[in-house]
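Reading through the structure tokens given below for one structure.
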Amino acid sequence: MRVRQQRRTLGASSLTPSSSASVNSAWQRSTLGYKERFVDDFHYNNIRVRQFPCRAVFEKAVCDEFGSSSLATFDRSNTKKSYDDEVDNDRVPDTAFTVWESSILLGMYASRKDVWKRLVGRRKLHSSRPILTLELGSGTAVASLLIATSEVVWESKSDCQLVMTDLPSTINFTRLNVHANIDKIPGNAHVVTQPLRWGRIEDIKALPQDISRPDIVFGADLLYTCDESVICALAETVMKLTARVAVFAVCKQHRPESITFFLSLVKTCFDIRHVSASTVHDDLMANDEELGIIELWRKKLR
């Protein structure tokens with residue numbers, strides 16, 4: 001679904017951000033209480049997103065606010081006929097409904113002018129073709145929204161197309177937050193939300209042709225599970241989708257062994273570059289022992 005073309009649908013009313021930018025100085029989520037982490041709207045820089053403790057609470061809130069049929073107005077293809085949630089590879093999708101530090105770290109890193117230019121590449125920056133990014137496991141949409149509303153996109157001479165993907169059971173939540181921030185996104189940026197399950201070749205083939213080969217693949221805090229089948233599915237998807245570079249923000253304290261396993265799966269296809277979290281942005285003062293950035297650069301054929 002191309003969200004910019006759906007500005008007047010669900011989510012564009014009471015969820016529209018206030019005109020004044022609000023910065024949440026306590027971006028480290030572990031320092032916050034339950035209400036701030038799972039109930040209150042999250043404000044950072046120029047964006048505002050909704051949060052919920054789980055999918056069931058999200059769906060109830062939307063139905064209470066907009067009516068029982070409102071979820072279907074986002075995308076009528078998002079049904080059991082198209083996707084079977086019972087066989088999703090991800091067994092812990094409820095983590096998608098709250099903001100995690102890694103998503104903020106990723107958004108702030110990728111939207112730095114020097115980083116953006118390096119990731120996109122000089123040739124692409126001066127091309128007439130749009131710059132295409134695709135985020136896996138977008139959840140709250142914070143990472144891609146920080147990029148979409150940043151100076152690098154506002155000042156871009158090229159159009160930018162930002163694709164946000166997540167499980168079929170989660171993508172409506174991502175869309176809700178995109179709609180709530182649509183007026184913050186410049187006219188040269190086109191936002192797309194798309195269901196995408198990791199390790200499902202049929203989902204990759206179902207991607208519209210114009211978004212199937214992104215210039216940059218993004219992901220924040222995706223390696224939180226000890227289930228190796230989920231990590232294998234993620235690695236397979238990254239290897240199939242990434243033509244140039246993939247950038248991940250990771251929490252080293254969650255499952256460091258999962259990060260190591262993931263990198264062992266992709267190292268044959270990518271050169272791996274680690275970036276210290278403390279160097280990402282002066283405003284964040286991130287801890288290198290807790291967080292990190294990983295860049296995967298597609299190896300050139302010899």
**Asked** How would HIS190, HIS274, HIS179 rank on accessible area, largest to smallest, probe 1.4 Å?
**Response** HIS274, HIS190, HIS179
**Local electrostatic count, ALA143, Cβ distance below 10 Å [Lys/Arg +1, Asp/Glu -1]** = -2
**Request:** For the range 161-232, state what percent of all Cα-Cα pairs lands in each successive 5 Å bin, counting from 0 Å until the bin that includes the largest distance.
**Result:** 3, 12, 21, 25, 21, 11, 4, 2, 0
**Asked** If you roll a 1.4 Å probe over the heavy atoms of the protein chains, what accessible area per residue do you get for the range 148-258, in Å²?
**Response** 33
**Prompt:** Could you give me the ³J(HN,Hα) list for the range 198-204, computed from phi with Karplus coefficients 6.51, -1.76, 1.60 and θ = phi - 60°, whole Hz, x at Gly and Pro?
**Reply:** 5, x, 9, 4, 5, 6, 5
**Request:** For GLU202, tell me the accessible area in Å² from a 1.4 Å probe, rounded to the nearest 10.
**Result:** 90
**Complete:** Ordering TYR224, TYR34, TYR44 by the accessible surface of their heavy atoms, 1.4 Å probe, largest first, yields TYR34, TYR224, TYR44
**Prompt:** Which log10 I(q)/I(0) values, to two decimals, does the range 229-302 give at q = 0.11, 0.12, 0.17, 0.19 Å⁻¹ under the Debye formula with one point per Cα?
**Reply:** -0.30, -0.35, -0.67, -0.81
**Prompt:** How far is it, in nm, from the label point at CYS63 to the one at MET285 when both lie 7 Å from their Cα along the line to the Cβ?
**Reply:** 4.5
**Request:** Express the carbon and sulfur contribution to the solvent-accessible surface of the range 181-250 as a percent, rounded to the nearest whole number, probe 1.4 angstrom.
**Result:** 50
**Request:** Round to the nearest 10 and report in Å² the accessible area of TRP154, as given by a 1.4 Å probe over the protein chains' heavy atoms.
**Result:** 140
**Prompt:** Could you name the aspartates and glutamates in cross-link range of LYS124, using Cα to Cα under 20 Å and dropping any fewer than eight places away on the same chain?
**Reply:** ASP114, GLU135, GLU151, GLU155, ASP159, ASP210, ASP215, GLU295
**Asked** To the nearest 10 square angstrom, what accessible area does ARG255 show with a 1.4 Å probe?
**Response** 80
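What shape does the range 156-302 take by its C-alpha gyration tensor, where a ≥ b ≥ c are the square roots of the eigenvalues and a/c under 1.5 counts as rounded, a/b above b/c as prolate, and the rest as oblate?
Since a/c stays below 1.5, the shape of the range 156-302 is classed as rounded.
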**Asked** R0 = 30 Å: FRET efficiency of LYS205 with ARG273, Cβ-based, nearest 0.05?
**Response** 0.50
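The values are calculated or read from the model by the stated rules, or taken from the named source; none is laboratory data. Quick caveat: nothing in here was measured; it's all calculated off a predicted structure. Cβ coordinates were reconstructed from backbone atoms using ideal geometry, including for glycine residues, and neighbour counts include every protein chain displayed. Heavy atoms of the whole protein, side chains included, go into the accessibility calculation; ligands, DNA and RNA do not. Shrake-Rupley method; radii C 1.70, N 1.55, O 1.52, S 1.80 Å.
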